[in-house]
1. Residues that are more than 30 Å from R266 (Cα to Cα) and surrounded by 23 or more Cβ atoms within 10 Å (Cβ to Cβ): does the stretch 155-162 have at least one?
2. Just the residues that are surrounded by 18 or more Cβ atoms within 10 Å (Cβ to Cβ) and either among the acidic types (D, E) or under 10 Å from A219 (Cα atoms) (or both), please, taken from the stretch 319-328.
3. Which residues, taken from the stretch 151-170, are of a type in the set (A, V, I, L, M) and either in contact with a helix residue (DSSP H, G or I) (Cβ under 7 Å, 6 or more places away or on another chain) or over 18 Å from F240 (Cβ atoms) (or both)?
4. Identify, from the list L291, L284, L320, the residue that is more than 23 Å from the chain's Cα centre (by Cα) and assigned to a helix (DSSP H, G or I).
5. Going through the stretch 183-197 one residue at a time, which ones are small (G, A, S) and open to solvent by 10 Å² or more (accessible area, probe 1.4 Å)?
6. Exactly one of these conditions fails for A308: (1) outside any helix (DSSP H, G or I); (2) surrounded by 18 or more Cβ atoms within 10 Å (Cβ to Cβ). Give me its number.
7. Output the number of residues of the stretch 148-173 satisfying the condition of being of a type in the set (S, T, N, Q) and farther than 27 Å from Q273 by Cα.
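The values are calculated or read from the model by the stated rules, or taken from the named source; none is laboratory data. Treat the numbers as computed from the prediction; the structure is a model and nothing was measured. Every residue, glycine as well, gets a Cβ built from its backbone with ideal geometry; the counts of neighbours run over all protein chains shown. Just the protein is used for accessible areas: all its heavy atoms, side chains included, with ligands, DNA and RNA removed. Shrake-Rupley method; radii C 1.70, N 1.55, O 1.52, S 1.80 Å.
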Amino acid sequence: MSLDQAATKPHEALAELLSADMESVNRLIQERMASEHAPRIPEVTAHLVGAGGKRLRPMLTLAAARLCGYDGPFHVHLAATVEFIHTATLLHDDVVDESEQRRGRPTANLLWDNKSSVLVGDYLFSRSFQLMTETGSIDVLRILSNASATIAEGEVLQLTAATDLRTDENIYLQVVRGKTAALFSAATEVGGVIANADSETIQALFDYGDALGIAFQIADDLLDYQGDSTQTGKNVGDDFRERKLTLPVIKAVAQATPEERAFWQRTIEKGRQEDGDLEHALELMAKHNTLVATRDDALVWTDRAKSAINTLPDHEIRDLLSGIADYVVARLK
């Protein structure tokens, strides 16, 4: 079941509730992605920004601020900052992964080139720092700059861990916390910080974002093996072809016989893949029930996300955030 096919759509309800703020965010994004001297910057940025996507991360910032009673202007700046950081990481990721498709469309590096994608990503990172400093909050600057460093660290860790069969679930979680959950938790945390919420509320928002980001990435990794490419915008088995050790494979390797481990060494560590290898990999995952186990892990993190905000005051936005946590895994079989 895809997000668009599910009966209840809390992310759409949240988008409607925050529509005025999101319009302000979109205007600010359009304004700040402009470049007087380098027209390729808005061209490349517009290709990715215009490809759709739910803008979940900036919505989380707006929602957290509203949940905490914020009525100033800077939640819009922070939401745009979060989206710029996210877009920059996507541009860089597609170069590193040599991807050809993103959200069902050709990637920027395919339409232009790697240099353009990397440099435009750098530009967006710089723009994000300009935006966050305009809030005048050193705490906001600390949180988002730390998140940016953590994201980069997670991506570098993945470079070495992704093809090493010694990578276990703890290392996988460290990678996921870096490359995905760090921006989710920063997005929710800064919403509380800009609203001058108390430390317990800010911690609850951070914990929610952290758990939501982990559940989101686990679900994404699972969809790579059992998703519908027309819905996910990715080809089934891309992670296997790119030799990425994600959770379904890590669980399979942990239970592998010597013969099975030799298969994973050939296909993942050495990269010598042949016709039929993806199908055999799926057979091994089915044999050891790792797809079901991976889904169970995603559900555990979803429950943690919901539990984190249960202590916050009763509010429509709190209920929608809880629904979004459920929604992350609603698309899984």
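1. No - not one qualifying residue is present in the stretch 155-162.
2. Of everything in the stretch 319-328, just one residue is surrounded by 18 or more Cβ atoms within 10 Å (Cβ to Cβ) and either among the acidic types (D, E) or under 10 Å from A219 (Cα atoms) (or both), namely V328.
3. Across the stretch 151-170, the qualifying residues are I151, A152, V156, L157, A161, L165.
4. L284
5. Applying the first criterion (small (G, A, S)) to the stretch 183-197 yields 185-187, 191-192, 195, 197.
Listed by number, the residues that qualify are A195, A197.
6. Of everything listed in (1) outside any helix (DSSP H, G or I); (2) surrounded by 18 or more Cβ atoms within 10 Å (Cβ to Cβ), A308 misses just condition (1).
7. The qualifying residues number 2.
Quick grid of which residues meet (1) of a type in the set (D, E); (2) at pLDDT 90 or above:
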position: R105; (1), (2): no, no
position: N109; (1), (2): no, no
position: N114; (1), (2): no, no
position: V118; (1), (2): no, no
position: L124; (1), (2): no, no
position: E134; (1), (2): yes, yes
position: I138; (1), (2): no, yes
position: I143; (1), (2): no, yes
position: T150; (1), (2): no, yes
